Amino acid sequence: MHDTTALLIELGAIILTLGILGRLAGRVGFSAIPLYLLAGLAFGHGGLIPLNASEEFVATGAEIGVILLLLLLGLEYSASELVSNLKTQYPSGIVDFVLNAVPGAAAALILGWGPVAAVALAGVTWISSSGVIAKVLGDLGRLGNRETPVILGVLVIEDLAMAVYLPLLTALLAGLSLAGGSLTLLISLGTVGAVLYLALRHGRLISRAVSSDNPEMLLLVVLGLTVLVAGVAQELQVSAAVGAFLVGIALSGEVAEGAHNLLAPLRDLFAAVFFVFFGLNTDPAAIPPVLVPALILATVTTLTKIGTGWYAAKRAGVRTAGRWRTGGTLVARGEFSIVIAGLAVGVEPRIGPLATAYVLILVILGPLAARWTEPLARRLTRKPAPAAPAPTAPAVAASASPEPSVAQPPATEANDAAPSHP
(Lines give C-alpha, C1' and ligand atoms only; values in the text may rest on other atoms or scores of the structure.)
Protein backbone atom coordinates (compact mmCIF):
# COMPACT_ATOMS: atom_id res chain seq x y z
CA MET A 1 0.00 0.00 0.00
CA HIS A 2 1.24 3.51 -0.87
CA ASP A 3 2.52 5.51 2.12
CA THR A 4 0.06 8.36 1.49
CA THR A 5 -2.84 5.95 1.22
CA ALA A 6 -1.90 4.24 4.48
CA LEU A 7 -1.54 7.66 6.14
CA LEU A 8 -5.02 8.73 5.04
CA ILE A 9 -6.59 5.45 6.16
CA GLU A 10 -4.94 5.56 9.58
CA LEU A 11 -5.76 9.25 10.13
CA GLY A 12 -9.35 8.70 9.08
CA ALA A 13 -9.67 5.75 11.45
CA ILE A 14 -8.15 7.74 14.33
CA ILE A 15 -10.37 10.81 13.86
CA LEU A 16 -13.52 8.70 13.38
CA THR A 17 -12.72 6.73 16.52
CA LEU A 18 -12.18 9.96 18.46
CA GLY A 19 -15.54 11.27 17.30
CA ILE A 20 -17.34 8.10 18.40
CA LEU A 21 -15.57 8.10 21.77
CA GLY A 22 -16.32 11.79 22.31
CA ARG A 23 -20.00 11.24 21.61
CA LEU A 24 -20.07 8.25 23.97
CA ALA A 25 -18.39 10.29 26.73
CA GLY A 26 -20.90 13.12 26.22
CA ARG A 27 -23.84 10.76 26.65
CA VAL A 28 -22.39 9.26 29.81
CA GLY A 29 -21.56 12.73 31.17
CA PHE A 30 -17.80 12.25 31.64
CA SER A 31 -14.72 13.78 30.12
CA ALA A 32 -13.51 12.10 26.94
CA ILE A 33 -9.84 12.30 28.02
CA PRO A 34 -9.66 8.79 29.54
CA LEU A 35 -11.24 7.30 26.43
CA TYR A 36 -8.70 9.09 24.21
CA LEU A 37 -5.86 7.76 26.36
CA LEU A 38 -7.27 4.24 26.17
CA ALA A 39 -7.58 4.56 22.38
CA GLY A 40 -3.91 5.54 22.21
CA LEU A 41 -2.98 2.54 24.33
CA ALA A 42 -4.98 0.26 22.01
CA PHE A 43 -3.41 1.67 18.83
CA GLY A 44 0.15 2.24 20.01
CA HIS A 45 3.29 0.24 20.67
CA GLY A 46 2.34 -2.97 22.40
CA GLY A 47 -1.35 -2.37 21.65
CA LEU A 48 -3.76 -4.26 19.45
CA ILE A 49 -3.31 -2.22 16.28
CA PRO A 50 0.06 -0.45 15.90
CA LEU A 51 0.08 2.65 13.69
CA ASN A 52 3.17 3.17 11.58
CA ALA A 53 2.28 5.41 8.62
CA SER A 54 0.65 8.20 10.66
CA GLU A 55 2.92 8.22 13.71
CA GLU A 56 5.04 11.20 12.62
CA PHE A 57 1.99 13.21 11.57
CA VAL A 58 0.24 12.46 14.86
CA ALA A 59 3.37 13.58 16.76
CA THR A 60 3.27 16.96 15.00
CA GLY A 61 -0.47 17.20 15.63
CA ALA A 62 0.15 16.53 19.31
CA GLU A 63 2.57 19.49 19.49
CA ILE A 64 -0.06 21.71 17.89
CA GLY A 65 -2.62 20.38 20.37
CA VAL A 66 -0.53 21.49 23.35
CA ILE A 67 -0.02 24.93 21.78
CA LEU A 68 -3.75 25.39 21.14
CA LEU A 69 -4.66 24.20 24.63
CA LEU A 70 -2.47 26.89 26.19
CA LEU A 71 -3.46 29.57 23.67
CA LEU A 72 -7.18 29.22 24.36
CA LEU A 73 -6.51 29.05 28.07
CA GLY A 74 -4.68 32.38 27.81
CA LEU A 75 -7.60 33.84 25.83
CA GLU A 76 -9.88 33.10 28.80
CA TYR A 77 -8.03 35.60 31.02
CA SER A 78 -7.04 39.20 30.69
CA ALA A 79 -3.78 40.50 32.10
CA SER A 80 -5.64 42.54 34.73
CA GLU A 81 -7.53 39.42 35.88
CA LEU A 82 -4.29 37.50 36.23
CA VAL A 83 -2.66 40.26 38.28
CA SER A 84 -5.77 40.64 40.47
CA ASN A 85 -5.98 36.89 41.11
CA LEU A 86 -2.28 36.76 41.88
CA LYS A 87 -2.67 39.47 44.54
CA THR A 88 -5.74 37.97 46.24
CA GLN A 89 -5.25 34.22 45.82
CA TYR A 90 -1.51 33.75 46.27
CA PRO A 91 -1.83 32.24 49.81
CA SER A 92 -4.19 29.61 48.39
CA GLY A 93 -1.74 29.05 45.55
CA ILE A 94 1.08 28.41 48.01
CA VAL A 95 -1.04 25.94 49.98
CA ASP A 96 -2.07 24.27 46.72
CA PHE A 97 1.57 23.84 45.69
CA VAL A 98 2.73 22.47 49.05
CA LEU A 99 -0.16 20.04 49.53
CA ASN A 100 -0.24 18.66 45.99
CA ALA A 101 3.28 18.94 44.56
CA VAL A 102 5.06 17.43 47.57
CA PRO A 103 3.31 14.01 47.31
CA GLY A 104 4.39 13.66 43.67
CA ALA A 105 7.98 14.63 44.41
CA ALA A 106 8.10 12.30 47.41
CA ALA A 107 6.70 9.41 45.35
CA ALA A 108 9.38 9.84 42.66
CA LEU A 109 12.15 9.88 45.28
CA ILE A 110 10.73 6.83 47.08
CA LEU A 111 10.59 4.98 43.74
CA GLY A 112 14.24 5.91 43.16
CA TRP A 113 13.66 7.99 40.01
CA GLY A 114 15.94 10.88 40.95
CA PRO A 115 15.48 14.63 41.59
CA VAL A 116 14.62 15.64 37.99
CA ALA A 117 11.85 13.06 37.84
CA ALA A 118 10.70 14.30 41.27
CA VAL A 119 10.25 17.83 39.87
CA ALA A 120 8.30 16.42 36.92
CA LEU A 121 6.03 14.17 38.99
CA ALA A 122 5.40 17.07 41.38
CA GLY A 123 3.91 18.97 38.47
CA VAL A 124 1.81 15.97 37.42
CA THR A 125 0.14 15.79 40.83
CA TRP A 126 -0.02 19.56 41.37
CA ILE A 127 -1.95 20.96 38.40
CA SER A 128 -5.71 20.44 38.16
CA SER A 129 -7.45 20.08 34.80
CA SER A 130 -8.98 23.42 33.80
CA GLY A 131 -10.81 21.81 30.87
CA VAL A 132 -12.41 19.02 32.88
CA ILE A 133 -13.31 21.34 35.77
CA ALA A 134 -14.88 23.94 33.49
CA LYS A 135 -17.04 21.24 31.91
CA VAL A 136 -18.05 19.85 35.31
CA LEU A 137 -19.07 23.29 36.59
CA GLY A 138 -21.24 23.80 33.52
CA ASP A 139 -22.79 20.33 33.69
CA LEU A 140 -23.66 20.73 37.39
CA GLY A 141 -25.06 24.24 36.90
CA ARG A 142 -22.60 25.80 39.37
CA LEU A 143 -21.19 28.63 37.25
CA GLY A 144 -23.10 31.17 39.34
CA ASN A 145 -22.27 29.63 42.72
CA ARG A 146 -20.55 31.59 45.45
CA GLU A 147 -17.52 29.25 45.40
CA THR A 148 -16.97 29.25 41.63
CA PRO A 149 -14.75 32.40 41.57
CA VAL A 150 -12.57 30.74 44.22
CA ILE A 151 -12.19 27.63 42.04
CA LEU A 152 -11.31 29.74 39.01
CA GLY A 153 -8.86 31.77 41.09
CA VAL A 154 -6.95 28.64 42.12
CA LEU A 155 -6.88 27.46 38.50
CA VAL A 156 -5.58 30.85 37.32
CA ILE A 157 -2.76 30.73 39.87
CA GLU A 158 -1.84 27.24 38.67
CA ASP A 159 -1.92 28.31 35.02
CA LEU A 160 0.23 31.34 35.73
CA ALA A 161 2.67 29.19 37.72
CA MET A 162 3.05 26.99 34.64
CA ALA A 163 4.76 29.92 32.91
CA VAL A 164 7.56 29.57 35.46
CA TYR A 165 7.42 25.83 36.09
CA LEU A 166 7.58 24.62 32.47
CA PRO A 167 10.77 26.54 31.55
CA LEU A 168 12.41 25.34 34.76
CA LEU A 169 11.43 21.75 34.02
CA THR A 170 12.58 22.08 30.40
CA ALA A 171 15.99 23.34 31.55
CA LEU A 172 16.35 20.47 34.02
CA LEU A 173 15.34 17.90 31.43
CA ALA A 174 17.83 19.35 28.95
CA GLY A 175 20.59 18.80 31.51
CA LEU A 176 21.54 22.47 31.72
CA SER A 177 23.87 23.63 34.47
CA LEU A 178 22.72 25.73 37.40
CA ALA A 179 23.81 28.87 35.54
CA GLY A 180 22.05 27.77 32.37
CA GLY A 181 18.88 26.85 34.24
CA SER A 182 18.91 30.16 36.10
CA LEU A 183 19.34 32.04 32.84
CA THR A 184 16.40 30.16 31.31
CA LEU A 185 14.26 30.96 34.35
CA LEU A 186 15.25 34.63 34.20
CA ILE A 187 14.37 34.75 30.50
CA SER A 188 11.00 33.15 31.26
CA LEU A 189 10.21 35.53 34.13
CA GLY A 190 11.32 38.51 32.05
CA THR A 191 9.17 37.38 29.14
CA VAL A 192 6.12 36.84 31.33
CA GLY A 193 6.61 40.22 33.01
CA ALA A 194 7.07 41.99 29.67
CA VAL A 195 3.96 40.40 28.17
CA LEU A 196 1.86 41.25 31.22
CA TYR A 197 3.11 44.84 31.11
CA LEU A 198 2.37 45.19 27.39
CA ALA A 199 -1.04 43.56 27.81
CA LEU A 200 -1.94 45.87 30.71
CA ARG A 201 -0.70 49.09 29.11
CA HIS A 202 -1.05 48.41 25.39
CA GLY A 203 -3.44 45.48 25.12
CA ARG A 204 -5.86 47.44 22.96
CA LEU A 205 -3.13 48.33 20.47
CA ILE A 206 -2.02 44.69 20.19
CA SER A 207 -5.60 43.50 19.74
CA ARG A 208 -6.27 46.23 17.17
CA ALA A 209 -3.20 45.19 15.17
CA VAL A 210 -4.39 41.56 15.08
CA SER A 211 -8.09 42.35 14.62
CA SER A 212 -9.88 41.65 11.35
CA ASP A 213 -13.52 41.62 10.28
CA ASN A 214 -12.73 38.63 8.06
CA PRO A 215 -12.83 35.42 10.17
CA GLU A 216 -10.40 33.71 7.81
CA MET A 217 -7.80 36.47 8.21
CA LEU A 218 -8.26 36.55 11.98
CA LEU A 219 -7.79 32.79 12.18
CA LEU A 220 -4.64 32.83 10.05
CA VAL A 221 -3.05 35.78 11.85
CA VAL A 222 -3.71 34.51 15.40
CA LEU A 223 -2.74 30.93 14.61
CA GLY A 224 0.38 31.95 12.69
CA LEU A 225 1.47 34.38 15.42
CA THR A 226 0.94 31.74 18.10
CA VAL A 227 2.92 29.01 16.34
CA LEU A 228 5.71 31.49 15.54
CA VAL A 229 5.98 32.70 19.14
CA ALA A 230 5.79 29.11 20.41
CA GLY A 231 8.69 28.14 18.14
CA VAL A 232 10.80 31.07 19.28
CA ALA A 233 10.02 30.26 22.92
CA GLN A 234 11.03 26.65 22.33
CA GLU A 235 14.32 27.80 20.82
CA LEU A 236 14.96 29.91 23.94
CA GLN A 237 14.23 26.87 26.16
CA VAL A 238 11.20 28.70 27.58
CA SER A 239 8.63 26.10 26.36
CA ALA A 240 6.32 26.42 23.36
CA ALA A 241 3.30 26.02 25.64
CA VAL A 242 4.24 29.10 27.68
CA GLY A 243 4.72 31.13 24.50
CA ALA A 244 1.23 30.20 23.34
CA PHE A 245 -0.21 31.03 26.76
CA LEU A 246 1.36 34.49 26.68
CA VAL A 247 -0.05 35.20 23.20
CA GLY A 248 -3.50 34.39 24.56
CA ILE A 249 -3.04 36.77 27.48
CA ALA A 250 -1.89 39.60 25.19
CA LEU A 251 -5.15 39.49 23.19
CA SER A 252 -8.32 40.87 24.72
CA GLY A 253 -11.84 42.07 24.02
CA GLU A 254 -13.64 41.17 20.81
CA VAL A 255 -10.45 39.85 19.22
CA ALA A 256 -9.96 37.31 22.00
CA GLU A 257 -13.61 36.27 21.83
CA GLY A 258 -13.55 35.93 18.05
CA ALA A 259 -10.27 33.99 18.08
CA HIS A 260 -11.62 31.70 20.78
CA ASN A 261 -14.73 30.87 18.77
CA LEU A 262 -12.70 30.19 15.61
CA LEU A 263 -9.97 28.14 17.26
CA ALA A 264 -12.06 26.09 19.72
CA PRO A 265 -12.89 23.32 17.17
CA LEU A 266 -9.22 23.13 16.13
CA ARG A 267 -8.22 22.94 19.79
CA ASP A 268 -10.64 20.09 20.42
CA LEU A 269 -9.37 18.14 17.41
CA PHE A 270 -5.64 18.52 18.06
CA ALA A 271 -6.00 18.15 21.84
CA ALA A 272 -7.69 14.81 21.23
CA VAL A 273 -4.80 13.88 18.92
CA PHE A 274 -2.37 14.86 21.69
CA PHE A 275 -3.98 12.50 24.21
CA VAL A 276 -4.01 9.71 21.64
CA PHE A 277 -0.34 10.36 20.88
CA PHE A 278 0.55 10.13 24.57
CA GLY A 279 -1.25 6.80 24.74
CA LEU A 280 0.50 5.65 21.56
CA ASN A 281 3.86 6.13 23.24
CA THR A 282 2.88 4.25 26.40
CA ASP A 283 3.20 0.49 26.44
CA PRO A 284 0.05 -0.99 28.04
CA ALA A 285 2.20 -3.70 29.62
CA ALA A 286 4.02 -0.99 31.61
CA ILE A 287 0.87 0.19 33.41
CA PRO A 288 0.11 -2.79 35.74
CA PRO A 289 3.47 -2.49 37.59
CA VAL A 290 2.74 1.16 38.46
CA LEU A 291 -0.99 0.77 39.13
CA VAL A 292 -0.62 0.46 42.91
CA PRO A 293 1.60 3.58 43.22
CA ALA A 294 -0.86 5.42 40.95
CA LEU A 295 -3.81 4.43 43.16
CA ILE A 296 -1.97 5.49 46.34
CA LEU A 297 -0.92 8.78 44.76
CA ALA A 298 -4.44 9.40 43.47
CA THR A 299 -5.94 8.76 46.91
CA VAL A 300 -3.48 11.05 48.69
CA THR A 301 -3.78 13.92 46.20
CA THR A 302 -7.56 13.65 46.12
CA LEU A 303 -7.57 14.40 49.84
CA THR A 304 -4.96 17.18 49.49
CA LYS A 305 -6.94 18.87 46.69
CA ILE A 306 -10.08 18.76 48.83
CA GLY A 307 -8.04 20.36 51.60
CA THR A 308 -6.81 23.02 49.17
CA GLY A 309 -10.33 23.86 48.10
CA TRP A 310 -11.55 24.00 51.70
CA TYR A 311 -8.78 26.44 52.65
CA ALA A 312 -9.26 28.67 49.61
CA ALA A 313 -13.03 28.84 50.04
CA LYS A 314 -12.72 29.52 53.78
CA ARG A 315 -10.42 32.48 53.04
CA ALA A 316 -13.08 33.85 50.70
CA GLY A 317 -15.80 33.56 53.35
CA VAL A 318 -17.68 30.72 51.64
CA ARG A 319 -19.91 28.61 53.89
CA THR A 320 -19.16 25.01 54.80
CA ALA A 321 -21.13 23.36 51.98
CA GLY A 322 -19.40 25.55 49.41
CA ARG A 323 -15.99 24.70 50.87
CA TRP A 324 -16.61 20.99 50.32
CA ARG A 325 -17.86 21.63 46.78
CA THR A 326 -14.74 23.68 46.03
CA GLY A 327 -12.42 20.89 47.20
CA GLY A 328 -14.28 18.18 45.31
CA THR A 329 -14.32 20.18 42.08
CA LEU A 330 -10.53 20.68 42.10
CA VAL A 331 -9.75 16.93 42.22
CA ALA A 332 -9.64 16.26 38.46
CA ARG A 333 -6.26 16.10 36.71
CA GLY A 334 -5.93 15.97 32.95
CA GLU A 335 -4.24 17.80 30.11
CA PHE A 336 -1.41 19.54 32.00
CA SER A 337 -0.43 16.38 33.87
CA ILE A 338 -0.07 14.61 30.53
CA VAL A 339 1.86 17.54 29.02
CA ILE A 340 4.36 17.48 31.91
CA ALA A 341 4.71 13.71 31.76
CA GLY A 342 5.21 13.89 28.01
CA LEU A 343 8.16 16.22 28.52
CA ALA A 344 9.71 14.01 31.18
CA VAL A 345 9.49 10.55 29.60
CA GLY A 346 12.86 11.05 27.91
CA VAL A 347 14.56 11.26 31.31
CA GLU A 348 12.45 8.71 33.18
CA PRO A 349 10.31 6.49 30.88
CA ARG A 350 8.34 5.08 33.84
CA ILE A 351 6.72 8.48 34.42
CA GLY A 352 4.61 7.96 31.28
CA PRO A 353 2.77 4.80 32.46
CA LEU A 354 2.39 6.17 36.00
CA ALA A 355 1.00 9.48 34.74
CA THR A 356 -1.37 7.69 32.36
CA ALA A 357 -2.77 5.50 35.13
CA TYR A 358 -2.92 8.46 37.54
CA VAL A 359 -4.80 10.69 35.09
CA LEU A 360 -7.16 7.88 34.10
CA ILE A 361 -8.09 7.42 37.75
CA LEU A 362 -8.56 11.10 38.59
CA VAL A 363 -10.21 12.21 35.37
CA ILE A 364 -12.93 9.64 36.14
CA LEU A 365 -12.99 10.33 39.89
CA GLY A 366 -12.96 14.13 39.44
CA PRO A 367 -16.58 14.58 38.24
CA LEU A 368 -17.75 12.13 40.91
CA ALA A 369 -15.87 14.04 43.61
CA ALA A 370 -17.34 17.34 42.40
CA ARG A 371 -20.85 15.90 42.68
CA TRP A 372 -20.61 13.84 45.88
CA THR A 373 -17.98 15.38 48.18
CA GLU A 374 -20.36 17.90 49.73
CA PRO A 375 -23.33 15.49 50.29
CA LEU A 376 -20.97 12.85 51.69
CA ALA A 377 -19.29 15.33 54.02
CA ARG A 378 -22.69 16.61 55.18
CA ARG A 379 -23.81 13.07 55.96
CA LEU A 380 -20.63 12.20 57.84
CA THR A 381 -20.60 15.41 59.89
CA ARG A 382 -24.33 15.55 60.63
CA LYS A 383 -24.96 15.88 64.39
CA PRO A 384 -27.52 13.50 65.92
CA ALA A 385 -30.75 15.15 67.07
CA PRO A 386 -30.78 15.78 70.85
CA ALA A 387 -33.01 13.46 72.89
CA ALA A 388 -36.23 14.96 74.28
CA PRO A 389 -35.93 15.73 78.03
CA ALA A 390 -37.93 13.56 80.43
CA PRO A 391 -41.02 15.30 81.90
CA THR A 392 -40.62 16.61 85.46
CA ALA A 393 -42.87 15.50 88.32
CA PRO A 394 -44.87 18.78 88.60
CA ALA A 395 -45.59 18.68 84.90
CA VAL A 396 -46.87 15.13 85.17
CA ALA A 397 -49.04 16.06 88.13
CA ALA A 398 -50.43 19.07 86.36
CA SER A 399 -51.30 17.03 83.30
CA ALA A 400 -53.15 14.58 85.53
CA SER A 401 -55.22 17.30 87.26
CA PRO A 402 -58.90 17.35 86.26
CA GLU A 403 -59.15 21.14 86.72
CA PRO A 404 -59.02 23.08 83.42
CA SER A 405 -56.32 25.69 83.06
CA VAL A 406 -56.23 28.85 81.01
CA ALA A 407 -53.49 28.73 78.38
CA GLN A 408 -51.06 31.62 78.52
CA PRO A 409 -49.30 32.80 75.36
CA PRO A 410 -45.59 31.96 75.25
CA ALA A 411 -43.23 34.81 76.04
CA THR A 412 -41.72 34.71 72.55
CA GLU A 413 -45.08 35.05 70.89
CA ALA A 414 -46.00 37.91 73.22
CA ASN A 415 -42.74 39.67 72.40
CA ASP A 416 -43.18 39.14 68.66
CA ALA A 417 -46.82 40.23 68.65
CA ALA A 418 -47.56 43.58 67.04
CA PRO A 419 -48.82 46.28 69.44
CA SER A 420 -52.55 47.00 69.19
CA HIS A 421 -53.64 50.39 67.91
CA PRO A 422 -55.71 52.56 70.33
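Can you name the number of the only condition in (1) in a helix (DSSP H, G or I); (2) open to solvent by 10 Å² or more (accessible area, probe 1.4 Å) that Gly65 fails?
It is condition (2) that Gly65 fails.
List the pairs whose first member sits in region 346-371 and is farther than 21 Å from Thr326 by Cβ and open to solvent by less than 10 Å² (accessible area, probe 1.4 Å), whose second member is in a helix (DSSP H, G or I) and of a type in the set (Ser, Thr, Tyr), and whose Cβ atoms are under 8 Å apart, counting only residues at least 6 apart or on separate chains?
Listed pairs, sorted by first residue: Ala355/Ser337; Tyr358/Thr125; Tyr358/Ser337; Val359/Ser337.
For region 198-207, does any single residue satisfy the condition of being farther than 30 Å from Gly40 by Cβ, touching a Phe, Trp or Tyr at 6+ places or on another chain (Cβ under 9 Å) and part of a helix (DSSP H, G or I)?
Filtering region 198-207 down to residues farther than 30 Å from Gly40 by Cβ leaves 198-207.
Now restrict to residues that are touching a Phe, Trp or Tyr at 6+ places or on another chain (Cβ under 9 Å): none.
There is no residue in region 198-207 that is farther than 30 Å from Gly40 by Cβ, touching a Phe, Trp or Tyr at 6+ places or on another chain (Cβ under 9 Å) and part of a helix (DSSP H, G or I).
Which residue pairs have Cβ atoms closer than 8 Å, lie 6 or more positions apart in sequence or on different chains, and pair a first residue in region 187-211 that is over 18 Å from Ala233 (Cβ atoms) with a second residue that is of a type in the set (D, E, K, R) and surrounded by fewer than 16 Cβ atoms within 10 Å (Cβ to Cβ)?
Ser207/Glu254; Ser211/Glu254
The conditions are (1) touching a residue at least 60 places away in the same chain (Cβ under 8 Å); (2) within 30 Å of Arg201 (Cβ to Cβ), and Ala272 fails exactly one of them. Which is it?
Here Ala272 clears every test but (2).
Applying the selection to region 80-102, what residues are in contact (Cβ under 8 Å) with a residue 40 or more places away in the chain and surrounded by 20 or more Cβ atoms within 10 Å (Cβ to Cβ)?
Kept after step one, since they are in contact (Cβ under 8 Å) with a residue 40 or more places away in the chain, are these residues of region 80-102: 80-83, 85-86, 88-93, 95-97, 99-100.
The answer is Leu82, Asn85, Gln89, Ser92, Gly93, Asp96, Leu99, Asn100.
Answer yes or no: is there a residue in region 236-250 that is open to solvent by 50 Å² or more (accessible area, probe 1.4 Å), in contact (Cβ under 8 Å) with a residue 40 or more places away in the chain and farther than 22 Å from Ile64 by Cα.
Our first condition is that a residue be open to solvent by 50 Å² or more (accessible area, probe 1.4 Å); within region 236-250, this holds for 236-237.
Of the ones still in play, those that are also in contact (Cβ under 8 Å) with a residue 40 or more places away in the chain are 236-237.
Retained after the next criterion (residues that are farther than 22 Å from Ile64 by Cα): none.
No: zero hits.
Could you check, for region 279-288, whether at least one of its residues is under 17 Å from the mean Cα position of the chain (by Cα) and surrounded by 21 or more Cβ atoms within 10 Å (Cβ to Cβ)? Steps first, please.
Quick first cut of region 279-288, residues under 17 Å from the mean Cα position of the chain (by Cα) only: none.
Within region 279-288 (the criterion being under 17 Å from the mean Cα position of the chain (by Cα) and surrounded by 21 or more Cβ atoms within 10 Å (Cβ to Cβ)), the answer is no, since none of the residues qualifies.
Show the residue pairs that are 6+ apart or on different chains and have beta-carbon atoms under 6 Å apart, the first residue being within region 108-126 and touching a residue at least 40 places away in the same chain (Cβ under 8 Å), the second being assigned to a helix (DSSP H, G or I) and of a type in the set (D, E, K, R).
Sorted first by the residue in region 108-126, then by its partner, the list stays empty.
Only one residue in Gly131, Gly190, Gly141 is in a loop (DSSP other than H, G, I, E, B) and open to solvent by 30 Å² or more (accessible area, probe 1.4 Å). Which one? Steps first, please.
On the way: Gly131 fails: in a loop (DSSP other than H, G, I, E, B); Gly190 fails: in a loop (DSSP other than H, G, I, E, B).
Only one candidate qualifies: Gly141.
The conditions are (1) open to solvent by 70 Å² or more (accessible area, probe 1.4 Å); (2) modelled with pLDDT of 85 or more, and Gly224 fails exactly one of them. Which is it?
Only one criterion in (1) open to solvent by 70 Å² or more (accessible area, probe 1.4 Å); (2) modelled with pLDDT of 85 or more is unmet by Gly224, namely (1).
Return only the number of the condition from (1) within 20 Å of Asn100 (Cα to Cα); (2) at pLDDT below 75 that Val363 does not satisfy.
Condition (2) is where Val363 drops out.
Conditions: (1) modelled with pLDDT of 90 or more; (2) in contact with a Phe, Trp or Tyr (Cβ under 7 Å, 6 or more places away or on another chain); (3) surrounded by 20 or more Cβ atoms within 10 Å (Cβ to Cβ). Gly74 meets all but one. Number of the miss?
All conditions pass for Gly74, except number (1).
What helices (runs of 4 or more DSSP H), lying completely within region 236-339, carry at least 2 residues that are at pLDDT below 90 and in contact with a helix residue (DSSP H, G or I) (Cβ under 8 Å, 6 or more places away or on another chain)?
240-250, 253-280
Regarding Val396, is this residue at pLDDT below 60 and outside any helix (DSSP H, G or I)?
no
The values are calculated or read from the model by the stated rules, or taken from the named source; none is laboratory data. Values in this document were obtained by computation on a predicted structure and should not be read as measured data. Every residue, glycine among them, receives a Cβ derived from its backbone with ideal geometry; neighbour counts consider all protein chains shown. Protein only, heavy atoms only, side chains kept; ligands, DNA and RNA dropped before computing areas. Shrake-Rupley method; radii C 1.70, N 1.55, O 1.52, S 1.80 Å.
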